[in-house]
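**Student:** Pasting a structure below so you can have a look.
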Amino acid sequence: MKSLNTRRDFLGKSAIVGTGLVLSSCGGRMANSKEQESDQSSAKPDENTMGGEVTATEDLMREHGVLRRALLIYSAASVKLRADPASIAPDALRKTAQLFRAFGEEYHEKKLEEAYIFPAVKRVAGEAATYPDVLIAQHNRGREITDYIISVTQAAKLGPGNAEALANSLEAFVLMYRNHAAREDTIIFPAWKQTMTDKQLDEMNDKFEDIEHEQFGEDGFEDAVKQISAIESSLGLADIAQFTAPPPPKMPGTS
């Protein structure tokens with residue numbers, strides 16, 4: 001009888017231990033499964049994040065936005081130079097040219113377009129491949145004109161002696177870059193994007209961001225926007241309401 005009880009005790013304890021092992025194993029698998037789900041969840045982008053990541057092509061176009069604002073300053077200045085040269089502060093034009101040099105010529109053009117975008121586009125057959133050589137020639141001419149603007153605006157005041165020549169150079173610069181940037185936005189950048197897979201484009205996003213931080217620190221684009229805004233304010237160009245177009249003339253026979 002004692003032997004029978006001992007055997008029953010052994011079987012009962014074995015069952016309990018076996019059940020415990022099974023539960024422990026299940027618990028371990030459940031814990032591991034939850035950890036994997038947590039890792040996968042954390043790896044996914046947060047769908048509630050506002051704004052999202054700036055893509056390489058979006059970055060290029062918003063940089064063009066800063067440069068276009070510089071062109072608007074040049075256009076307004078050329079008109080004022082012909083009407084009253086003394087009404088334009090040379091310092092404001094010099095700061096605009098220096099910003100265009102640092103942000104446009106030394107960074108956007110040399111470090112991004114000429115280093116990565118144009119070489120890739122030239123390897124692709126089609127219309128886009130015919131543009132890079134002309135665009136590089138325009139970059140070089142733009143740098144010559146920027147040198148001239150910086151040199152002329154070293155003076156304390158602008159006078160009739162150099163106002164007309166400076167106005168002509170500003171207008172030529174603006175016309176060239178308006179056409180230049182428009183072709184890049186509508187032909188070159190889309191063609192460049194088509195040369196890459198999604199993974200490669202993501203890698204270029206990171207590469208461009210690293211170059212921007214290396215050149216300007218953490219807030220390169222934001223700082224450029226602040227600089228161009230300050231220049232616009234100094235010239236009375238900050239309020240865009242002043243540029244609202246007037247209504248068109250009324251057609252004959254309409255009331």
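**Student:** Please arrange Lys250, Lys122, Lys80 by accessible surface area, largest first, computed with a 1.4 Å probe and ligands excluded.
**Tutor:** Most to least solvent-accessible, the answer reads Lys250, Lys122, Lys80.
**Student:** I would also like to ask the following. I'd like the accessible area for Ser151, computed on protein heavy atoms only with a 1.4 Å probe and all protein chains in place. Round to 10 Å², please.
**Tutor:** Its heavy atoms expose roughly 80 Å² to the probe.
**Student:** Can I ask one more? Calculate, in nm to one decimal, what Ala241 and Ala83 gain on full extension: separation in residues at 0.36 nm each, minus their alpha carbon distance.
**Tutor:** 54.6 nm is the gain from fully extending Ala241 to Ala83.
**Student:** Compute the distance in nm between two label points, each set 7 Å from the Cα along the Cα-to-Cβ direction, one at Thr186 and one at Ser229.
**Tutor:** In this crude spin-label approximation the distance works out to 3.0 nm.
**Student:** Find the accessible area per residue for segment 124-239; the probe is 1.4 Å, ligands and nucleic acids are left out, and the unit is Å².
**Tutor:** Value for segment 124-239: 54 Å² per residue.
**Student:** On to the next question. On a full-extension model of 0.36 nm per residue, what is the gain between Phe221 and Tyr116, subtracting their alpha-carbon distance, rounded to one decimal in nm?
**Tutor:** Value of the extension gain: 35.9 nm.
**Student:** In the structure displayed, which of Lys122/Lys226; Lys80/Lys193; Lys111/Lys199; Lys95/Lys193 lie more than 30 Å apart, Cα to Cα?
**Tutor:** Violating the 30 Å limit, Cα to Cα: Lys122/Lys226; Lys80/Lys193; Lys95/Lys193.
**Student:** How many percent of the accessible area of segment 45-164 is carbon or sulfur, using a 1.4 Å probe?
**Tutor:** 55 percent
The values are calculated or read from the model by the stated rules, or taken from the named source; none is laboratory data. Please read all numbers here as calculations on a predicted model, not as lab measurements. When we count neighbours, we look across all protein chains shown, and the Cβ atoms used for this are built from the backbone with ideal geometry, even at glycine. Ligands, DNA and RNA are excluded from the accessible area calculation, which covers all protein heavy atoms including side chains. Shrake-Rupley method; radii C 1.70, N 1.55, O 1.52, S 1.80 Å.
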